[in-house]
Amino acid sequence: MMATANPVCKPGRRNFQCVDYGNCLDHAVAKQWNSWSCSECPNRSRKRPADAVRSVRDKHIRYELPQGLSREIWHRFS
């Protein structure tokens, strides 16, 4: 995560197009936050170049989740 990135543990808006979004998301997961926001981050309006944003058209895509998280999701939604 960039030294200036500052995700906060509270509900709010996130900038999905920020160049640091993935790092902030990793930070929030590592801290086990239920929700997080970019509201206090000085980079909240930064955007990555459009050609850097990948799109996936595979409707059968699978994501790997940490074992405990995938188990919790399974129990909540099944």
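The values are calculated or read from the model by the stated rules, or taken from the named source; none is laboratory data. In this text, all values refer to a predicted model and were calculated from it rather than measured experimentally. Here the Cβ is made from the backbone with ideal geometry for all residues, glycine too, and neighbour counts use every protein chain on show.
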Among the residues of region 23-30, is any surrounded by fewer than 11 Cβ atoms within 10 Å (Cβ to Cβ), at pLDDT 90 or above and of a type outside the set (D, E)?
-> yes
Before we move on, is D51 part of a helix (DSSP H, G or I), at pLDDT below 75, exposed (fewer than 10 other Cβ atoms within 10 Å of the Cβ) and of a type in the set (D, E, K, R)?
-> yes
Note on region 1-22: residues modelled with pLDDT under 90 and β-branched (V, I, T) are T4, V19
Is at least one residue of region 33-45 modelled with pLDDT of 75 or more, surrounded by 10 or more Cβ atoms within 10 Å (Cβ to Cβ), outside any helix (DSSP H, G or I) and touching a Phe, Trp or Tyr at 6+ places or on another chain (Cβ under 6 Å)?
-> no
Look at I73 and say whether it is among the β-branched types (V, I, T) and either touching a Pro at 6+ places or on another chain (Cβ under 8 Å) or at pLDDT 75 or above (or both).
-> yes
